[in-house]
1. Scan segment 83-98 residue by residue and report those that are of a type in the set (A, V, I, L, M) and modelled with pLDDT of 75 or more.
2. Look through segment 40-54, keep the residues that are surrounded by 12 or more Cβ atoms within 10 Å (Cβ to Cβ) and of a type in the set (S, T, N, Q), and return whichever of them is farthest from Tyr10 (Cα to Cα).
3. Could you name every one of the strands (runs of 3 or more DSSP E) located completely within segment 39-88 that has at least 2 residues being in the same structural domain as Thr6 (by TED's automatic domain parsing) and touching a helix residue (DSSP H, G or I) at 6+ places or on another chain (Cβ under 8 Å)?
4. Could you please give the count of residues in segment 1-38 that are polar (S, T, N, Q) and either assigned to a strand (DSSP E or B) or buried (at least 18 other Cβ atoms within 10 Å of the Cβ) (or both)?
5. Tell me yes or no: at least one residue of segment 75-87 is exposed (fewer than 10 other Cβ atoms within 10 Å of the Cβ) and either aromatic (Phe, Trp, Tyr) or over 19 Å from Leu103 (Cα atoms) (or both).
Amino acid sequence: YVFSWTIETYGQRTEAVLLVNDVQQALSRADQASSYYDTTTSFAVLNLTLNDKININVTMGSAQAMHTMFSGWKINKTDDTAFSASLSREVNGSTIVFNNETLDTDSAYSTSTGRFVAPRSGLYVFMMSATTDGSSDFYTKFVFSNGNSQQKAGSWLLIQMQLNQITQYF
């Protein structure tokens, strides 16, 4: 199973934990900022058994309602496609090319172009996390090979993709 949660705070440090059967499995933290909102998004991949109970608890500060969310989905083990990549440097400009790949089950993500090419049709989830210094607005979007784009102030997207459809993150 995969779980993702975003916590928004204003003017205070806020921490939230993901619990499985009341045992902490993950932590997320939005830093203290006196004059602006801050969000943090985390995710966890967990091997669960029947009747396991999953929840998010705020352990410090408070979560604002507008951009606080919790999602989960089951991974289909028969034909999983997964990749994980991060940055090894600061990026300015348009396309974000995550150049440090740690997982790519189908060689679907390119660390030279920043493109993900769907190796099969199906439902895909993309997650991205970034930090800014708070001095300016930060907006991102997913761009697809069919010309469509999806503006995201948040950090994840659930979308139906066709075989060989391409997406990039801007």
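The values are calculated or read from the model by the stated rules, or taken from the named source; none is laboratory data. Worth saying up front: this structure is predicted, and the values here are computed from it rather than measured. Note that each Cβ is placed from the backbone with ideal geometry, even for glycine, and that neighbours are counted across all protein chains shown.
1. The initial filter retains those residues of segment 83-98 that are of a type in the set (A, V, I, L, M), namely 85, 87, 91, 96-97.
Across segment 83-98, the qualifying residues are Ala85, Leu87, Ile96, Val97.
2. The first filter runs over segment 40-54 and keeps only residues surrounded by 12 or more Cβ atoms within 10 Å (Cβ to Cβ), leaving 40-44, 46, 48, 54.
Within this subset, residues satisfying the condition of being of a type in the set (S, T, N, Q) are 40-42.
On the way: Thr40: 12, Thr41: 15, Ser42: 18 Å.
The qualifying residue farthest from Tyr10 (Cα to Cα) is Ser42.
3. Details: elements: 54-60, 64-73, 83-86.
No strands (runs of 3 or more DSSP E) qualify here.
4. To start, the set of residues in segment 1-38 that are polar (S, T, N, Q) comprises 4, 6, 9, 12, 14, 21, 24-25, 28, 32, 34-35.
From the residues that got through so far, the ones that are either assigned to a strand (DSSP E or B) or buried (at least 18 other Cβ atoms within 10 Å of the Cβ) (or both) too are 4, 6, 9, 14, 24-25, 28.
Adding up the residues that qualify gives 7.
5. no
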